[in-house]
Amino acid sequence: MSDTNDLTVLDVRPFVPASDFQRSLAFYTALGWTALWTDGEGLALLSLGGHQFMLQDFYVKEWAENSMLVVEVADARAWHAHVERVLASGEFGEARVTPPEHQPWGALVAYLWDPCGVLLHIAQLDD
């Protein structure tokens, strides 16, 4: 007897919280993500470089401040400069970024906190 179930995984999309959905949506689109769709009620599918996540109008401080995403990039320094330009507008509240530093796990990383405290590791992996 053969198993005919196809267990292929096509995508994994994390849900990312937002305390101010419109501000977070503007933040991610300013960084370069595209909103593929939004339901108009606090849920949006965002995409960058073919990678996607769901932004949701749901916020629990402890969850948001313990949520992290690794965004692997070709040039962490270029991303850091791009993020600084975006943040210079002052429109994104508590969002902030650190200069890239080499991490012991083998990457040059700029840490970026979104407007509600989600931490993005903007990571350029070592060769």
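Going by the conditions given, is Phe21 more than 22 Å from Val97 (Cβ to Cβ), out of contact with any Lys or Arg (no Cβ under 7 Å at 6 or more places or on another chain) and at pLDDT 95 or above? Walk me through how you get there before you give the answer.
On the way: more than 22 Å from Val97 (Cβ to Cβ): no; out of contact with any Lys or Arg (no Cβ under 7 Å at 6 or more places or on another chain): yes; at pLDDT 95 or above: yes.
Here the answer is no, as Phe21 does not meet what is asked.
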Inset, instruction - Answer with yes or no whether Leu10 is aliphatic (A, V, I, L, M) and either in contact with a His (Cβ under 7 Å, 6 or more places away or on another chain) or without any contact (Cβ under 8 Å) to a residue 12 or more places away in the chain (or both). - result: yes
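If you go through region 98-120, how many residues are among the hydroxyl-bearing types (Ser, Thr, Tyr) and part of a strand (DSSP E or B)?
Here is the first cut: in region 98-120, the ones among the hydroxyl-bearing types (Ser, Thr, Tyr) are 98, 111.
From what is left, the residues that are part of a strand (DSSP E or B) are 111.
Number of matching residues: 1.
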Inset, instruction - Could you list all residues from region 42-57 that are more than 14 Å from Ser24 (Cα to Cα) and either modelled with pLDDT under 95 or of a type outside the set (S, T, N, Q) (or both)? - result: Leu48, Gly49, Gly50, His51
Inset, instruction - Could you tell me whether region 61-69 includes any residue that is in contact (Cβ under 8 Å) with a residue 40 or more places away in the chain and either crowded, with 19+ Cβ neighbours inside 10 Å or more than 20 Å from Arg13 (Cα to Cα) (or both)? - result: yes
Legend entry - Which listed residue is within 12 Å of the chain's Cα centre (by Cα) and more than 18 Å from Ser24 (Cα to Cα), from Glu72, Glu101: Glu72
Inset, instruction - Among residues belonging to region 16-53 that are of a type in the set (D, E, K, R) and within 21 Å of Val83 (Cα to Cα), point out the one that is surrounded by the fewest Cβ atoms within 10 Å (Cβ to Cβ). - result: Asp20
Legend entry - Candidate set: region 82-92, residues that are surrounded by 15 or more Cβ atoms within 10 Å (Cβ to Cβ) and not β-branched (Val, Ile, Thr); chosen: the one nearest to Ser19 (Cα to Cα): Phe92
Legend entry - Near pairs, Cβ below 9 angstrom, 6+ apart or cross-chain, from region 83-107 (without any contact (Cβ under 8 Å) to a residue 40 or more places away in the chain and over 17 Å from Ala123 (Cβ atoms)) to any residue that is surrounded by 11 or more Cβ atoms within 10 Å (Cβ to Cβ) and of a type in the set (Lys, Arg): Leu87/Arg96
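Take the conditions at positive phi, within 17 Å of the chain's Cα centre (by Cα), at pLDDT 95 or above and assigned to a loop (DSSP other than H, G, I, E, B) and apply them to Gly90. Does it pass?
Against the criterion (at positive phi, within 17 Å of the chain's Cα centre (by Cα), at pLDDT 95 or above and assigned to a loop (DSSP other than H, G, I, E, B)), Gly90 does not qualify.
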Legend entry - Condition met for Trp105 (surrounded by 15 or more Cβ atoms within 10 Å (Cβ to Cβ), among the aromatic types (Phe, Trp, Tyr) and over 21 Å from Ser19 (Cα atoms)): no
Inset, instruction - Name the single residue, out of those in region 33-49 being more than 13 Å from the chain's Cα centre (by Cα) and not in a strand (DSSP E or B), that is nearest to Asp114 (Cα to Cα). - result: Gly42
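The values are calculated or read from the model by the stated rules, or taken from the named source; none is laboratory data. Predicted, not measured: the structure shown is a model, and the values here were computed from it. Neighbour counts are summed over all protein chains in view; Cβ atoms, including those assigned to glycine, are modelled from backbone coordinates with ideal geometry.
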